[in-house]
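We did not get these values from a lab; they are worked out from the coordinates using the rules stated. Values in this document were obtained by computation on a predicted structure and should not be read as measured data. With ideal geometry, Cβ positions are generated from the backbone for all residues, glycine too; neighbour counts draw on all protein chains shown.
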Amino acid sequence: MNRRSLSVVPAFVSLALFAVLLTASACNSRRTSSDPGVLRVGASPVPHAAILEHVKPILARQGITLQLVEMTDYVRPNLALVEGELDANFFQHEPYLAQFNADRGQKLVAVARVHVEPLGIYSRKVRALADLRPRAVVALPNDPTNTARALTLLQTAGLLRLKTTATHATVLDIADNPRQLDLRELEGAQLPRALSDVDAAVINTNYALEAGLQPDSDALVREGSESPYANILVVQPEKADDPRVQALVKALQSPETRRFIEERFKGAILPVF
């Protein structure tokens, strides 16, 4: 081996070692913190992250640092919780969690009910549902629980009739569709952007708010406060009694947080505690 080859070996070994250490560091950074003073929570940007930002100072006074991880879809937050990347998440309602656990064989648990985000029907084409044309295109969320929820809202609005009122209803459960509405399922985050291309869309409040819509004034029809779809704080079963988690539960259900929700969102979302 010549001198040039010998000089390359240490450099190669150093680079390989650096890569290994960098990978290990990255993996560790994605895991939940072992620091008892840190709580890592995944959340949708609006309104969940905003509510969590509000309670950060409350937890800080108790020596707990809330690390907020914003996520924009309905799949990754639960997977990240299962994989140990999060201590908790705050983005979903109870029927969605039940469906996730059933589909994935998991046992994630809700530790706090916080608020309801009334599902709404929005349109840029009509000002009232009575003005929807025959065969109008209506977009729905494509995840099973919110599809069922959207169908129930359309039934409540008198646009169709279902064979069942169960939370797992699908388009196959439509018994009567007098206007022959063309129902199309889209990923929830895409619904506000699709408003210009469809006659109406059934949109979750968090996505409506992110898109600049005002649910209390822009929605043609909305669910009421009696909705069973309360948004919840979720953890792995072994974390349910964790003092950090219980401190977050108490902060989320405090009178201060109720006032924050009522004043910040002005009826767009409704506290349920």
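Each Lys and Arg contributes +1 and each Asp and Glu -1, all at the Cβ; summed about the Cα centre of the range 120-222, the dipole is approximately 300 debye. First select every other residue whose beta carbon is under 14 angstrom from the beta carbon of residue 210; then total the charges, Lys and Arg +1, Asp and Glu -1. Every neighbour counted, the sum reads -4. Here the spin labels are modelled as points 7 Å beyond Cα on the Cα-Cβ line, and at residue 238 and residue 157 they lie 4.6 nm apart.
Remark: the chain carries a charge dipole of roughly 480 debye about the Cα centre, counting +1 on each Lys and Arg Cβ and -1 on each Asp and Glu Cβ. The long axis of helix 94-104 is offset from the longest Cα principal axis of the chain by roughly 60 degrees.
Most tightly packed first, judged by the mean number of other beta-carbon atoms within 10 Å of their residues, the peptides 102-115, 219-232 read 219-232, 102-115.
Label-to-label distance for residue 67 and residue 266 is 3.7 nm, based on points extended 7 Å past Cα in the beta-carbon direction.
The gain in end-to-end length when the residue 35 to residue 103 segment is fully stretched comes to 21.3 nm, 0.36 nm per residue minus the alpha carbon separation.
Cross-link partners of residue 239 among lysines, defined as those whose alpha carbon lies under 16 angstrom from its own and excluding same-chain residues fewer than eight positions apart: 107, 250. Only lysines eight or more places from residue 125 in sequence, or on another chain, were considered; those with a Cα closer than 26 Å are 266. Quick check: net charge around residue 174, other residues with Cβ under 9 Å of its Cβ, Lys/Arg +1 and Asp/Glu -1? That sum, taken over residues with Cβ under 9 Å, equals 0.
Amide H to amide H, with H built 1.01 Å from N, residue 112 comes under 5 Å of 233, counting only residues 5 or more places away or on other chains.
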